[in-house]
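Structure record follows, encoded as structure tokens.
The values are calculated or read from the model by the stated rules, or taken from the named source; none is laboratory data. Note that the coordinates shown come from a computational prediction; the quantities given were computed from them, not determined experimentally. So basically every Cβ, Gly included, is an ideal-geometry build from the backbone, and we count neighbours across all protein chains shown. Note: areas computed on protein heavy atoms with side chains; ligands, DNA, RNA excluded. Shrake-Rupley method; radii C 1.70, N 1.55, O 1.52, S 1.80 Å.
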Amino acid sequence: MTTTVPNAAIPAPATSYQGDIARYWDHEARPVNLRLGDVDGLYHHHYGIGDVDHAALEAGPESEREERLVTELHRLESAQTDVLLDHLGPIRADDTLVDAGCGRGGSMVMAHQRFNCTVEGVTLSAKQADFGNQRARDLGIDHAVRSRVANMLNMPFETGQAAASWNNESSMYVDLEDLFAEHARVLAVGGRYVTITGCWNPVYGQPSKWVSQINAHFECNIHSRREYLRAMADNRLVPQTIIDLTPTTLPYWELRATSSLVTGIEEAFINSYKDGSFQYLLIAADRV
């Protein structure tokens with residue numbers, strides 16, 4: 001069985017920027033993240049994919065439509081995680097998985113429920129880690145699912161410890177060369193890395209005004225598709241599958257724009273996906 005490094009004191013974020021990101025997420029409490037998680041106790045920090053079930057939205061009294069809309073948005077969120085987990089490859093119960101940038105832990109819970117294995121998450125936010133660990137205790141799975149306050153560029157895991165690892169909409173907060181070097185370190189040879197991410201399309205030429213708005217809104221730095229592939233090649237991660245999820249994420253954004261949970265960034269996502277300047281990709285790569 002794969003061993004787990006004992007919990008230890010984690011140093012403060014290494015840079016001023018990382019400190020800013022930690023504070024950002026420690027103070028974040030957007031209803032769009034919390035209210036959707038209240039549907040079934042899976043709290044995500046990513047977006048959704050798939051066709052909207054319009055019949056479910058229209059069923060029942062009009063006064064309850066907003067609740068049905070929230071439930072549908074959350075269903076699409078969890079569908080996104082299912083697609084990520086589908087690409088992790090064969091996972092055994094004695095394997096360890098790593099969620100880099102784990103948020104409040106929804107993807108970790110789903111991974112454990114599917115594979116019955118150990119799932120370790122790292123986040124710069126102590127608030128998110130505490131939330132995720134409390135959810136694991138509530139579900140009685142804290143022996144196998146744990147969130148830590150740590151830097152994804154310096155993860156507290158042994159070399160080759162993980163059978164698989166992922167970033168689910170969290171790679172835009174770090175340098176990709178450093179990130180993929182660290183994933184290559186913690187992954188066993190033959191292990192699988194998966195990312196789902198928004199990236200700007202180099203065919204467009206430069207990041208569009210919509211991408212710049214998204215960067216400013218989330219205090220992040222969205223990378224280009226080309227940068228992902230180059231940094232993977234530099235760090236022994238060989239892509240096996242690349243899927244353009246852009247057409248399947250648009251319905252989520254168009255539905256969210258009609259809800260009470262709007263944050264003001266919906267227009268930027270919708271317009272950038274439609275004009276081709278922004279893409280939503282899944283990349284699955286093997287550690288060689």
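So the values come out like this:
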item: Near pairs, Cβ below 7 angstrom, 6+ apart or cross-chain, from segment 276-288 (of a type in the set (Asp, Glu)) to any residue that is surrounded by fewer than 20 Cβ atoms within 10 Å (Cβ to Cβ); result: Asp286/Gly190; Asp286/Val238; Asp286/Gln240
item: Selection count, segment 244-253, where residues are in contact (Cβ under 8 Å) with a residue 40 or more places away in the chain and open to solvent by 20 Å² or more (accessible area, probe 1.4 Å); result: 2
item: Per-region count, segment 207-242, residues over 17 Å from Val288 (Cα atoms) and of a type in the set (A, V, I, L, M); result: 5
item: Residues located in segment 255-275, provided they are touching an Asp or Glu at 6+ places or on another chain (Cβ under 9 Å) and free of Cβ contacts under 8 Å to residues at least 40 places away in the same chain; result: Ala257, Glu266, Ile270
item: Thr123 being hydroxyl-bearing (Ser, Thr, Tyr), crowded, with 21+ Cβ neighbours inside 10 Å and either touching a residue at least 24 places away in the same chain (Cβ under 8 Å) or closer than 27 Å to Val238 by Cα (or both); result: yes
item: Leading residue by the ranking (least open to solvent (accessible area, probe 1.4 Å)) among those in segment 254-288 that are over 18 Å from Glu169 (Cβ atoms) and among the acidic types (Asp, Glu); result: Asp286
item: Qualifying residues in segment 202-260 (those that are farther than 25 Å from Pro31 by Cα and small (Gly, Ala, Ser)) - the one farthest from the chain's Cα centre (by Cα); result: Gly205
item: Criterion violated by Thr123 - all others in (1) in contact with a helix residue (DSSP H, G or I) (Cβ under 9 Å, 6 or more places away or on another chain); (2) over 19 Å from Met152 (Cβ atoms); (3) not hydrophobic (A, V, I, L, M, F, W, C) satisfied; result: (2)
item: Residues that are surrounded by 17 or more Cβ atoms within 10 Å (Cβ to Cβ), more than 20 Å from Glu266 (Cα to Cα) and not hydrophobic (A, V, I, L, M, F, W, C), drawn from segment 174-220; result: Glu182, His183, Arg185, Gly191, Arg192, Tyr193, Thr195
